[in-house]
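Laboratory data are not the source of any read-out in this text; all were calculated from the coordinates shown. Everything numeric here is computed off the predicted structure, so don't read it as measured data. FYI the Cβ positions are ideal-geometry reconstructions off the backbone, even for glycines, and counts take in every protein chain you see.
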Amino acid sequence: MSNVPKHITIIMDGNGRWAKQRGMERLFGHRAGKESVSQACEYAAEMGVEYLSLFAFSEENWNRPEAEVNGLMRLMAKAMVDEKPTLLKNGIRFRAIGDLSRLDASLVEDIRQTERDTAVGTRMTLLVFLSYSGKWDVLQAAEKYAQACTEAVLAQQPVPALTPELYASYLSTAGIPDPDLMIRTSGEQRISNYMLWQCAYTEFYFTDVLWPDFRRADFAKAIEAFQQRKRRFGLTGEQIIEK
Ligand code: IPE
Ligand code: IPE
Ligand code: MG
């Protein structure tokens, strides 16, 4: 297939409602969502997507009831172990992005281990955004830039000129191309403090499908919709045709 997005990101939403529809507790939905994650990874790798990123847990999600937060963390730890063979089999390199300092040390160790074990993967990179928020990312980048300026002043060097490229190099997504397509499930049409800087020119696709029900056919529909879009990046339609 041609014109496959290089970087697809998904806001995996609707687990709680999926469980509620079945008269179950919210964690039942999160557990079911794990299967959608495996299938989405396999499908994206098959399609030739280079980067698949998943919003798994936001900074704001820390404010959910303790039992749900703990359950989600346990699920994450289990996924690090359970999914490793699938990642290795499919040549998928795993990386976690976010404020990991808020996670349990043992979970961080499992994450780092999975990152090391899958570093050989060259077919696709899977980025899981954990304890992440777009504002956190923009702020921590600003702090790094301030630090670089301080060091320059102390060394009696000129402060580095602040360009979009330099700023992006301080973001937690440094070196990763911006998402071409952002998919959000469950009918919500908002960004919920996700990649604010990186989504400047991302195409958005919203579906009512709840995350635990998200399957290949739903993913294919999102990619097809993307392929119908005309990305202009501020230019006129005529300029784009000429390019
Ligand atoms: C998405 O599903 C998963 C996380 C945010 C961790 P939700 O838990 O937000 O499900 P709904 O939106 O309440 O249905
Ligand atoms: C966004 O979903 C975060 C993740 C999918 C991890 P939420 O369900 O937390 O977002 P809001 O609260 O509906 O905006
Ligand atoms: Mg939600």
Subject >> Whole-number D in µm² s⁻¹ for the range 134-176, Kirkwood Cα-pair radius fed into Stokes-Einstein, 4 °C, 1.567 mPa s >> reply: 121 µm²/s
Original post:
What is the gain in length, in nm to one decimal, between Val120 and Arg215 on full extension, counting 0.36 nm per residue of separation less the C-alpha to C-alpha distance?
Top reply: 31.5 nm
Original post:
At Thr163 and Ala225, where each label point lies 7 Å from the Cα along Cα→Cβ, what is the point-to-point distance in nanometres?
Top reply: 3.6 nm
Original post:
Using 0.36 nm per residue, how much length does the chain from Lys84 to Gln21 gain when fully extended, once their Cα-Cα distance is taken away?
Top reply: 19.6 nm
Original post:
How big is the gap, in Å, between the Cα center of the range 7-24 and the Cα center of the range 76-111?
Top reply: 21 Å
Original post:
Based on the Cβ-Cβ distance from Lys144 to Ile240, what FRET efficiency comes out when R0 is 51 Å, to the nearest 0.05?
Top reply: 0.90
**OP:** Report, as a whole number in µm² per second, the diffusion coefficient that Stokes-Einstein gives for the chain at 10 °C and 1.306 mPa s using the Kirkwood radius over alpha carbon pairs.
**Re:** 82 µm²/s
**OP:** Once you have the Cα-Cα distance between Leu196 and Val4, take 0.36 nm times their residue separation minus that, and quote the gain in nm to one decimal.
**Re:** 66.8 nm
Subject >> Arg64 paired with Lys135, simple spin-label distance in nm, labels 7 Å along Cα-to-beta-carbon >> reply: 2.0 nm
